[in-house]
Every structure is written in C-alpha cells, then in structure tokens.
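The values are calculated or read from the model by the stated rules, or taken from the named source; none is laboratory data. Everything quoted here is computed from the prediction, not taken from an experiment. Note that we place each Cβ from the backbone using ideal geometry, even for glycine, and neighbour counts take in every protein chain shown.
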Amino acid sequence: MDEAKKQSQEIKNDHIFCIVAQKQTRGRGRGGSTWHQAFAHTEENSLNASTDHKNIQHFPTLQDALKNETDFLPITFFIPALKLKIPIEWLSIVVGCALYDALKQTCTFIENTISIPPKMIKKEDFFLKWPNDIITLPGCKKISGILCETSVLNGTVNDIFVGIGLNFFNNPSFENSISFFDSQFSFTLTTDLKKSILSYFTNIFCQEIEEYLLHARSVEQLKHLALSRMTPKGTLLSVNKGATKGKFLDLALNGALILEGTTEPIYSGDVSIETSQIQNNSYVIPKNDKKFKPIIAIDFGNTRIHLANRNSYGIIEYIDIKYDVNFDHSATLKSELKSILENLLEDKLDTVDIFYSSVNTKEKTDSAILFLI
C-alpha cells in the first residue's frame, strides 16, 4: 500500500490502474493488523523477484498484472476520486461485495469447466464480515482482507487506494486461514487449469469493481446488497477484542455496524466473530429465504409491452409500457422499472429465466427490445 502511494505520485495517471507486490514483506490490514502473503511454490510463479524494482510494478489492468501467474498476488488499485460514484463511506464494504460476487461466480465457472466427483466438492459457506473480510462459516477461516485508504488535497479526497490480499489457491500456514479454492474443493489442479481459473476470476473481479464503484446507487441499494452478502443477522460479533460484543442487527445508511445492545453505530474497529458460539456448536447458518427461480416475462402486444418479473423471494412486479411513451417524462414508469431493476440486482448471482412472446412484426419487436435494453 505504501509503495503504491509512492508510485501513484510518479505515474500521475487519471485512470484506474493496479500496483502489484510480487513478494510482500510488510503487508498490513485495518487497524494496524498484519496481512501474511501465501507463496505458491511453483517454478512458473514469479514471486521470487530479487530486487525492489522488480518486486513492485504497476499495470494498466489486473489482467495484465496476473497474466503469467498461477496465484493471486497482493494488489493495490489506484482509483481517482472523481471516478468514484458511490459515497466514500461505503467504499470498503462495496469492494468486499465485488470480491464476494467474483468468487461466487468463479465457483460456478470451476464446476462448469471441470468434471468434479461429488466427494471432492466441499463448498463451505463464505460471507462478508463487516466491513470487508471474506471468511468461511462456521469455520471462521479468513480467505481475504481488504484495506482502503485515501489521500487528501485541500480538504478533499484526491486519490483512493484499495489494497487486496486474497488467499486464492494457497494460504499461510495459520489455523484461521484458508484459500478460496480449498474452501470449495479438495483436488489438485494442473498449472494450466490454475492459470485459466485465475484469468476468469480477474476478468470477473474487474467487471464487478467497475460495476460497483463507477455506477451510482442509492445508499438503500448499497445497504441491501451488503446485507445479502454479509454474515447473517444474529451472528455474535466482538469488537476490539471483546471491548464491545453484540449480535449483528443491521447496517446504518452510512455503512456503520449496528449491534444489539449498543447505543451508537460502530464506524471502525477490529471485528471478529465470537468463537464461543462456534465452539459449542450453537452457531447455525440460517437457511436461504430464496425459494423461487427468478423469471422475466416479456410480451410485445399490439399497443404496448407487457413486462413481468418474479424475483427469488416470490415478489412479482407487472408493468405495461406503451410503445410511444416518453420515458424521460414518466415518473410512474421510472418508479415501476426501478422495482424490477432492484429485483434483478438482488438476483444477479442467480440464473434468471427469460420468456418472451410477440404478436408484432420482427422490426417492431426488435425496436422494443432495444428500448428496454
């Protein structure tokens, strides 16, 4: 992170880029904690860079940075503040959401790419622990840590630095650490497969970073996205080594943590899961409330488009859209479409079935589809 800040001043770029430490020796996390890098013991991996010049490098994209690697390396994203479209106080949590989504999609990619015997599929549940660690439950093992810092110029946030430490294929030999791959599967990968999986992950992660950070969303939407990825409500959390304890209740609209029995939201601190509930087997991950397969149905009628959506919770929304509607001047239509878009946002990690029918000419239908897009 510190070297990334120095290089950003030298590069003076107004675009997002990433800085890579091929061998990290002073990794740190929130509150001064230490992040230990896992080393992949392969000849192909370039982790053994011998000089500082080779060790710290910048790349225009994450894909370029990890192009010839067989494991994830410590990465710092440099993001000009002017490009950020979400409130700065949500940055840390939202980066965690982007990483969570990319890992979930990578799980699906691996299962669809490789014929895996059922006994080699572990698929431990993993969650976002406030504000941005990725951990397994009930094992409480850490997969990833994220550190967000800013530089300030004349009282205004100038540059944003997002440091990511991720145990992708390997992890340090600590009891509370596990790699993403080992938390989901129990078989050995070839070097080529590792490169293929890592390449897929980096592409998806970059897409998620851009989607989450560079597009405006309301704080209500951000809160909803975060809560659906976080440790379940009711999880007993400890803040600053037990100085404060309480069940996880909610997030404030500024992303602060709300615990049962506390009078004020918690804005920062070293948060851990109270291990007593794990050790005495009292911790149970709540069942997923999603019971339905998401569906979108579109019917192109003679005078209007009939649009319906059922989300994974069974909530159904209907909209009728006239072909000659002026979208910019229809507040009602905007509100109705917003409800459907929020449903789709909630179900972005699920497969959505789309049904469509038309009584019109192909040209009129194609024009209507372009309108909806």
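Being touching a strand residue (DSSP E or B) at 6+ places or on another chain (Cβ under 9 Å), farther than 24 Å from Asp270 by Cα and of a type in the set (Lys, Arg), is that true of even one residue in the range 124-146?
no
I'm trying to understand the selection: among the residues of the range 99-121, which are hydroxyl-bearing (Ser, Thr, Tyr) and not in a loop (DSSP other than H, G, I, E, B)?
Applying the first criterion (hydroxyl-bearing (Ser, Thr, Tyr)) to the range 99-121 yields 100, 106, 108, 113, 115.
Tyr100, Thr106, Thr108, Thr113 - these are the residues of the range 99-121 that are hydroxyl-bearing (Ser, Thr, Tyr) and not in a loop (DSSP other than H, G, I, E, B).
Output the residue which, of all residues in the range 289-315 that are closer than 23 Å to Val352 by Cβ and either loosely packed, with under 12 Cβ neighbours inside 10 Å or of a type in the set (Ser, Thr, Tyr) (or both), is modelled with the lowest pLDDT.
Asp289
Scan (1) among the hydrophobic types (A, V, I, L, M, F, W, C); (2) assigned to a loop (DSSP other than H, G, I, E, B); (3) farther than 25 Å from His15 by Cα for the single condition Ile86 breaks and write down its number.
Among (1) among the hydrophobic types (A, V, I, L, M, F, W, C); (2) assigned to a loop (DSSP other than H, G, I, E, B); (3) farther than 25 Å from His15 by Cα, Ile86 violates only (3).
If we keep just the residues of the range 331-373 that are at pLDDT below 65 and either outside any helix (DSSP H, G or I) or β-branched (Val, Ile, Thr) (or both), which is nearest to Glu220 (Cα to Cα)?
Out of the qualifying residues, it is Ile373.
Can you tell me which of Leu253, Leu237 is in a strand (DSSP E or B) and either modelled with pLDDT of 85 or more or among the β-branched types (Val, Ile, Thr) (or both)? Give the derivation first.
Details: Leu253 fails: in a strand (DSSP E or B).
Result: Leu237 is the single residue among Leu253, Leu237 that is in a strand (DSSP E or B) and either modelled with pLDDT of 85 or more or among the β-branched types (Val, Ile, Thr) (or both).
When only residues in the range 66-83 that are under 28 Å from Glu124 (Cβ atoms) and either among the aromatic types (Phe, Trp, Tyr) or assigned to a helix (DSSP H, G or I) (or both) count, which is modelled with the lowest pLDDT?
Here the residue is Phe77.
Got at least one residue in the range 257-266 being modelled with pLDDT under 90, closer than 19 Å to Ile93 by Cβ and out of contact with any Cys (no Cβ under 8 Å at 6 or more places or on another chain)?
Within the range 257-266, one or more residues are modelled with pLDDT under 90, closer than 19 Å to Ile93 by Cβ and out of contact with any Cys (no Cβ under 8 Å at 6 or more places or on another chain).
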